[in-house]
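Step one of this worksheet: look at the structure below.
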Amino acid sequence: MTYRLMENVLHCRNCDKDVDILEVKHHTDFEERILSCGHRSNKYIKNIIEPSTHISDKITATVSRLKQSEKMQVEEKVINRKLSIHFSAENVDITINNSIINVKAQDDYTFTRSFPQKVEEIINKITALRYEVEESSIDIQEKTKTLSLLQRIDYVLSPTPYSNTTYKFDKLKRWIIHSKWFFTIASSPFILNIIDIIHDMMKDSQPSSI
């Protein structure tokens, strides 16, 4: 008689019988199990609690990479039908919108976090930084570029306070026109402040099941 380990056995709903698990493929938010009967079964992973020290190390490493980068490109995009801001520097990509923060650090690590509940605090920091930029004596072109980016970050993170008709028109317009900004870290005096705001967002964010 042959005995099978129970952890390698799964009840197939299609066949209505216990079958062997031949292979398990790990994806971002689910495990795909290849069964001996020819069917597949997906186990979705939700509410994963990430070790605080582990994610904290990732966040620290991400911010350090951003600040040590020579240049940064920022682009406004529509990702998964959501208006988003995409930051890309050397070996780091960060996407934020009003629900998630996604970080990709080349092949080292990738993580997605739910946007922090302290949205008002983040927006207040953006508002304070906009005022600081407006009052500064930096180059007018650099000032205009920085203020434009801060305005768009504020817009992306804030609830849309417009009427439904205006919102639909603006949404359609944003699908067609996407803003793009280029910053040189050494010569853009306020880009480090923006990175600090992103750092605060990541620190206050929560594990995501998206």
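The values are calculated or read from the model by the stated rules, or taken from the named source; none is laboratory data. All of these numbers come straight from a predicted model, not from anything done at the bench. Methodologically, a virtual Cβ is constructed for each residue, glycine included, from the backbone with ideal geometry; neighbour enumeration extends over all protein chains shown. Ligands, DNA and RNA are excluded from the accessible area calculation, which covers all protein heavy atoms including side chains. Shrake-Rupley method; radii C 1.70, N 1.55, O 1.52, S 1.80 Å.
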Just to confirm my filter: which strands (runs of 3 or more DSSP E) fall fully inside the stretch 1-99 and include at least 2 residues that are touching a Ser or Thr at 6+ places or on another chain (Cβ under 8 Å) and either at pLDDT below 85 or open to solvent by less than 40 Å² (accessible area, probe 1.4 Å) (or both)?
9-12, 17-26, 30-35, 71-79, 82-89, 92-96
Of those in the stretch 111-120 that are more than 13 Å from H199 (Cα to Cα) and touching a residue at least 24 places away in the same chain (Cβ under 8 Å), the residue surrounded by the most Cβ atoms within 10 Å (Cβ to Cβ) is F111
Which fully enclosed strands (runs of 3 or more DSSP E) of the stretch 100-210 have 3 or more residues being farther than 18 Å from K82 by Cβ and at pLDDT 90 or above?
180-184
